[in-house]
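Data block below; observations after.
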Amino acid sequence: MRKVNVAVVGASGLVGRKIREILEERNFPVEKLFAFASKKSAGTKIEYAGREVIIEELKEDSFDGRGIDIALFAAGGSVSEKYIPLAIKNNIKVVDNSSFFRMDKNVPLVIPEVNPDDIKEDDMLIANPNCSTIQSVLAISKIHKDFGIERIIYNTYQAVSGGGERALEDLYEKKNDHWKYKIYDNVLPQIDVFLDNGYTKEEMKMIDETRKILDDQDLKITATAIRVPVSNSHGVSINLKLKKDFTLDEIRQTIKATPGVILEDDIKEEIYPMPAFVSGKDEVFVGRIREDYSCERSLNLWTVADNIRKGAALNAIEIAELLVEDM
């Protein structure tokens, strides 16, 4: 695997900092690291692999003639909309964490353990899915393959870090400057804006992205996305109706055989996934597996994953690792 020049766009934010950290942890073949952010962060000195890197202000000519091979974007949809075409114009392959390009039919939406073959050699842009979508789809992907899924009900319990650093300040300082209502000692049944159909944008992301990643437009899916006063790691309760009969032992074995997933499911010992123990881990943890007796061929399961790692930075880097293999 040859060394490449890598740019991190949004390098000073929560996800951008985690991307830098994980690139180093995984010995990603970085020849030179470029760090871009807003004017506010420009000039800040950071360290990467023992070398000093100065954060630059992202400008329209930032990618021109720099020899950058891969850019990891973690700066929001408006930044992606404006600057990704400029990166591609400079022959830079891009992994985008924002939602802006996810549902573009010409842009692969990828979880490397689930649909790596969706990436073609000439693809210049790969979209990173929503954090809750990543952990949910990874957990159920092999169940979908082995048993078929007719219907999915998602209920998310999303950590405050998903809202960024200002949201975390609201939690820690017991205020509500970031959202309309406080998050400390509260639960917010709204993530992102409401749409005309009564769902939030976050809920529709999960619905639409799941269908795209699993390549199954007939999947019946509904979702409720909720913000809870936990600093990091999302929980998602998932109800599935399957096409084939199953036993719980078969489901557990299927989950055990899913790459990137760890089964924690022992009710006798009261063992199940929790954010306090999953934060900082790379895998998706699954437990509380049980039949749904109200509906035939149905079951419930509970997933927890670090939303900043696997839900964003790590998944993006795993995509980049696939891109480097073909360079």
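The values are calculated or read from the model by the stated rules, or taken from the named source; none is laboratory data. As the structure is a computational prediction, the values presented were derived from the model and not from experiment. Cβ placement follows ideal geometry from the backbone for every residue including glycine, while neighbour counts extend to all protein chains displayed. Accessible surface is based on the protein model in full, side chains and every heavy atom, while ligands, DNA and RNA are left aside. Shrake-Rupley method; radii C 1.70, N 1.55, O 1.52, S 1.80 Å.
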> Do we have residue 113 as charged (D, E, K, R), touching a Ser or Thr at 6+ places or on another chain (Cβ under 8 Å) and either within 30 Å of residue 296 (Cβ to Cβ) or without any contact (Cβ under 8 Å) to a residue 60 or more places away in the chain (or both) here?
Replying inline: yes
> Which residue pairs have Cβ atoms closer than 8 Å, lie 6 or more positions apart in sequence or on different chains, and pair a first residue in segment 174-203 that is outside any loop (DSSP other than H, G, I, E, B) with a second residue that is hydroxyl-bearing (Ser, Thr, Tyr) and open to solvent by 80 Å² or more (accessible area, probe 1.4 Å)?
Replying inline: 188/181
> Which of (1) of a type outside the set (Ser, Thr, Tyr); (2) in contact (Cβ under 8 Å) with a residue 60 or more places away in the chain; (3) within 19 Å of residue 241 (Cβ to Cβ) is the odd one out, the single condition residue 145 does not satisfy?
Replying inline: (2)
>> For a quick check of your reading of the model, give me the residue pairs whose first member lies in segment 206-219 and is without any contact (Cβ under 8 Å) to a residue 24 or more places away in the chain, whose second is surrounded by fewer than 18 Cβ atoms within 10 Å (Cβ to Cβ) and acidic (Asp, Glu), with beta-carbon atoms closer than 9 Å and at least 6 apart or on different chains.
In response: 211/218; 218/150
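Say we look at segment 54-91 and pick out the residues that are open to solvent by less than 20 Å² (accessible area, probe 1.4 Å) and assigned to a strand (DSSP E or B); which of these is farthest from residue 307 (Cα to Cα)?
70
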> Any idea which residue in segment 225-237 is nearest to residue 170 (Cα to Cα), counting only those that are crowded, with 23+ Cβ neighbours inside 10 Å and of a type outside the set (Gly, Ala, Ser)?
Replying inline: 227
> In segment 269-316, which residue that is among the polar types (S, T, N, Q) and open to solvent by less than 10 Å² (accessible area, probe 1.4 Å) is farthest from residue 131 (Cα to Cα)?
Replying inline: 298
>> I'd like the full set of residues that are part of a loop (DSSP other than H, G, I, E, B) and free of Cβ contacts under 8 Å to residues at least 60 places away in the same chain, limited to segment 92-108.
In response: 98, 100, 101, 104, 105, 106, 107, 108
>> Suppose we filter segment 132-162 for residues that are among the small types (Gly, Ala, Ser) and surrounded by fewer than 22 Cβ atoms within 10 Å (Cβ to Cβ); how many remain?
In response: 1
> Which residues, taken from segment 1-27, are surrounded by fewer than 21 Cβ atoms within 10 Å (Cβ to Cβ), outside any helix (DSSP H, G or I) and either of a type in the set (A, V, I, L, M) or in contact (Cβ under 8 Å) with a residue 40 or more places away in the chain (or both)?
Replying inline: 1, 2, 4, 5, 13, 26
> Can you name every residue in segment 115-131 that is surrounded by fewer than 22 Cβ atoms within 10 Å (Cβ to Cβ) and either assigned to a loop (DSSP other than H, G, I, E, B) or modelled with pLDDT under 95 (or both)?
Replying inline: 115, 119, 120, 121, 122, 123, 124
> Can you name every residue in segment 2-30 that is over 15 Å from residue 72 (Cα atoms) and either among the acidic types (Asp, Glu) or more than 25 Å from the chain's Cα centre (by Cα) (or both)?
Replying inline: 2, 3, 25
> Does residue 50 qualify as being of a type outside the set (Lys, Arg), open to solvent by 50 Å² or more (accessible area, probe 1.4 Å) and at pLDDT below 95?
Replying inline: yes
